[in-house]
Amino acid sequence: MSETDEARRSLFGRLRVGLSRSSAKIGGGITGIFTKRRLDDEALHELEELLIASDLGWGLAKEATTRLRHAKFNQEVSPDEIRETLAEIIEPFLLPVEQKLTLDPANKPTVILVVGANGSGKTTTIGKLAKLYRDEGKSVVLAAGDTFRAAAVEQLKIWGERAGVPVMTAPANSDPAGLAYDALAAAKKQGADVLIVDTAGRLHNKTDLMAELQKIQRVLKKIDPAAPHAVLLVLDATIGQTALQHIQTFRDLIGITGIVMTKLDGSARGGVMVALAEMYTIPVPFIGIGEGIDDLRPFEAASFARGLVGLER
């Protein structure tokens, strides 16, 4: 087995562990429905309810039951047959969002603005992303742009130390846009490859948040008209379908170029990735499958689909 194959198997194993709560709900539900049973109307109805309750969305549930009705109706089917069929159906839903975040060497630095509701895992994700780029040999600078929450600044400092990257801060309650400007100027002077800017996520006051995020974008453009080069929205998988509302909010506020889904290991609601992909088709370059600094991983549709339904590989 090649090193690449071994790495992929290891990643899939970690992904399966990370998705274990979601796969237990979906896979266990399938076993409960289809053990020694024919695929009849009642079974299809129960499967449809299971898929919707597992946050996969109405479109996926409808397609799955329709395809199974045409292919296997009134036949005895095993739970593994159902899982295999579901994985085959889920993968095409996810493929359009399987897109890497590519750093353009012409951008020095590439500016990544990270947004999301408080508690979504935003700061943690920034630390993990910094470590990922550091491991690739990139020089990274972080900017603690949530200046109104001292805890957020301190948390980012801790993650910066873990990742081995500098963190730029400003006095408490100072203008986040001013910090973003200073951070980009400093990162540019240092010849850094990547600047990652943290932001506030106070969704209870969208007007203030929108003004703040738009101002950050404006001041970054004074130094680099193309900045920010990426706007990543961090979503918490444990909130299920509410994640779709967060996408709408931030897309309206600032426009987003990619999504990072976090806390998949702490939730049985990983199926929301399918609904997200179906509704918005916004790229998902990374997913969080654990609490460790190395647990931010590139999103792969095929592996995710199989892990979600509890298949071994």
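Which of rounded, prolate, oblate describes the range 254-293, given a ≥ b ≥ c as roots of the alpha-carbon gyration tensor eigenvalues and a/c under 1.5 marking rounded, otherwise prolate only if a/b is larger than b/c?
Details: a/c = 2.86, a/b = 1.40, b/c = 2.04.
It comes out oblate by the Cα gyration axes.
Tell me the net charge near D182. Cut-off is 13 Å between Cβ atoms, D182 excluded, with +1 for each Lys or Arg and -1 for each Asp or Glu.
Summing Lys/Arg as +1 and Asp/Glu as -1 gives +2.
What list of whole percents do you get for P(r) of the chain, with Cα-Cα distances grouped in 20 Å bins up to the one holding the largest distance?
All Cα pairs, binned at 20 Å, distribute as 33, 51, 16, 1 percent.
Could you work out the helix-only [θ] at 222 nm for the chain, with each DSSP H run of four or more residues adding -39,500 (n - 2.57) and the total divided by the number of residues, to the nearest 500 deg cm²/dmol? Provide the component values of the computation, followed by the final result.
Values: 12 runs with 165 residues, N = 313.
Calculated from helices alone, the mean residue ellipticity at 222 nm is -17000 deg cm²/dmol.
Give the distance, in whole Å, between the Cα centre of the range 109-127 and the Cα centre of the range 237-313.
When both Cα centres are located, 14 Å separates them.
Rounded to the nearest 10 degrees, what's the angle between the helix 150-163 long axis and the longest principal axis of the chain, both from Cα atoms, 0 to 90?
Between helix and principal axis, roughly 80 degrees.
Could you order peptides 72-82, 131-141, 174-184 by the average number of other Cβ atoms within 10 Å of their residues, highest first?
Highest to lowest by the protection proxy: 174-184, 131-141, 72-82.
As I understand it, the value is the acute angle between the Cα axis of helix 242-253 and the longest principal axis of the Cα atoms of the chain; what does it come to in degrees, rounded to 10?
40
With axes computed from alpha carbons, what is the tilt in degrees of helix 122-135 against the longest principal axis of the chain, rounded to the nearest 10 within 0 to 90?
On a 0 to 90 degree scale, this one is about 80.
What's the center-to-center distance, using Cα atoms, between the range 205-230 and the range 37-70 in Å?
Centre-to-centre distance over Cα atoms comes out at 44 Å.
Among DSSP bridges having both ends in the range 162-313, what percentage is antiparallel? Round to the nearest 5.
If I count the DSSP bridges inside the range 162-313, around 30 percent turn out antiparallel.
Where a number appears in this text, it was derived from the coordinates with a stated rule and is not lab data. No experiment lies behind these values; they were computed from the predicted model shown. Cβ coordinates were reconstructed from backbone atoms using ideal geometry, including for glycine residues, and neighbour counts include every protein chain displayed.
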